[in-house]
Amino acid sequence: TMAVSPAFLLMDRNLLARKQNARLDKQNDLGWKLFGKVPLRENAQKDSKKIQKEYEDKAGRPSKPPSPKQNVRKNLDFEPLSTTALILEDRPANLPAKPAEEAQKHRQQYEEMVVQAKKRELKEAQRRRRQLEERCRLEESIGNAVLTWNNEILPNWETMWCSRKVRDLWWQGIPPSVRGKVWSLAIGNELNITHELFDICLARAKERWRSFSTGGSEAENEDAGFSAADREASLELIKLDISRTFPNLCIFQQGGPYHDMLHSILGAYTCYRPDVGYVQGMSFIAAVLILNLDTADAFIAFSNLLNKPCQMAFFRVDHGLMLTYFAAFEVFFEENLPKLFAHFKKNNLTPDIYLIDWIFTLYSKSLPLDLACRVWDVFCRDGEGFLFRTALGILKLFEDILTKMDFIHIAQFLTRLPEDLPAEEVFASIATIQMQSRNRKWAQVLTALQRDSRDTEKGSPSLRH
């Protein structure tokens with residue numbers, strides 16, 4: 001090995017030290033400001049308050065007391081850093097200094113920005129506080145209502161359900177925790193369906209599903225008068241409709257927690273009422289009941305609900321009776337909203353275009369779910385007339401908009417209502433609708449139209465196929 005002289009090592013070490021010092025000096029020389037490259041200050045990482053203080057020290061004039069506007073910034077809890085960088089910073093050394101007028105103008109702009117930011121923050125805080133207070137009031141109201149329903153009304157249902165106090169509570173909305181129980185009592189069980197009957201119908205439905213999936217023929221001999229093709233079509237339609245039921249909730253689709261329950265109720269119903277079978281829209285009604293009742297009770301309520309005259313007319317597609325319902329609706333439409341009624345007539349917009357979907361699903365597909373449940377609350381109290389009163393309430397709520405639309409836009413709007421409908425506004429609009437025409441209520445008008453339907457069919461709206 002070669003011997004290295006000490007002088008060479010010393011020279012090499014000094015050379016390395018000079019290179020490192022040169023690199024550090026170069027880093028210290030490089031500093032970028034807003035308007036150009038200048039040397040960085042020793043403490044470049046300054047917060048906004050230090051920058052502000054330095055600016056005030058430089059720009060302040062002892063002979064002139066600070067204006068009230070100049071004191072605004074000192075009372076604020078925060079500083080917008082972007083405005084500090086843009087306005088309060090001095091110009092780089094290689095540029096002329098700011099004139100006093102420009103510096104004062106920038107200071108005022110900065111103060112105005114800070115004040116506006118503070119106002120926005122205060123406004124947002126007030127909005128959040130109002131929301132919190134409203135939520136607390138709502139929760140307290142619901143808690144008190146739950147106690148009233150559980151302790152006073154439900155134990156004395158037969159004597160209290162039709163009282164003025166209960167009807168008022170009903171209108172305000174039934175608390176979710178007791179809603180299922182109230183619905184069951186209000187809908188009733190005229191068909192005397194038991195849990196055992198549900199189990200039998202469900203077992204038959206499962207057997208039929210197995211039979212069709214394996215291509216068997218045992219089910220073809222059941223339910224004389226109903227072809228295997230019709231039954232298979234119902235089963236396929238159930239499967240398809242379930243996937244489209246409240247898709248945003250993701251609880252009824254395949255793999256969801258309520259998929260099997262919904263499938264069971266709809267399948268059992270097709271076995272319980274093979275003459276009706278499955279009709280599109282039933283899945284939404286069954287789904288709403290499942291959200292509020294357990295499976296067997298939901299089936300009992302579902303079967304009794306569909307057995308009501310209005311629902312049976314629609315689900316069995318009784319054209320004559322459906323036309324009568326539409327005619328009755330138009331009587332009250334003209335009575336309550338004559339201007340909009342005339343506009344619809346002028347554009348040949350018949351009720352079936354928008355009412356069929358609303359009635360088939362009891363508004364559960366057309367309205368937000370919480371609002372639809374409130375409609376169900378009063379529907380269970382007042383009966384089928386409230387479904388048509390709700391329709392008039394919706395039309396009244398949007399009357400000003402609808403009177404400016406043509407046929408296509410009206411149909412599109414009513415078949416796809418806004419998703420953010422506020423419940424209080426909708427119910428306030430419904431409350432203004434009077435279901436009386438020439439001193440006749442809904443049931444009386446409907447009965448008269450049914451009796452004279454053959455002779456007065458000319459005045460009924462035409463049903464679209």
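Structure summary
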read-out	value
Over 31 Å between alpha carbons, listed pairs 308/365; 308/396; 123/396; 346/441; 181/365; 119/396	123/396; 119/396
Heavy atoms of residue 199 accessible to a 1.4 Å probe, total area in Å² rounded to 10	90
The stretch 226-348, relative contact order in percent, only Cα pairs under 8 angstrom and at least six apart counted	18
Whole-number accessible area per residue in Å² for the stretch 320-439, which is evaluated in the context of all protein chains at 1.4 Å	41
Accessible area in the full protein assembly, largest first, 1.4 Å probe, for 374, 129	129, 374
Local electrostatic count, residue 133, Cβ distance below 13 Å [Lys/Arg +1, Asp/Glu -1]	+3
Carbon + sulfur, % of accessible area of the stretch 258-342 - ligands and nucleic acids excluded, 1.4 Å	50
Probe 1.4 Å, all protein chains present, accessible-area order of 314, 398, largest first	398, 314
Residue 405 accessible area, 1.4 Å probe, all protein chains in place, Å² to nearest 10	40
Nearest-10 value in Å² for the accessible area of residue 206, using the 1.4 Å probe	90
Whole-angstrom gap from the stretch 312-376 to the stretch 118-139, using each part's C-alpha centre	39
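The values are calculated or read from the model by the stated rules, or taken from the named source; none is laboratory data. Here the structure is a predicted model, which is why all the values come from computation and not from measurement. Cβ coordinates were reconstructed from backbone atoms using ideal geometry, including for glycine residues, and neighbour counts include every protein chain displayed. Just the protein is used for accessible areas: all its heavy atoms, side chains included, with ligands, DNA and RNA removed. Shrake-Rupley method; radii C 1.70, N 1.55, O 1.52, S 1.80 Å.
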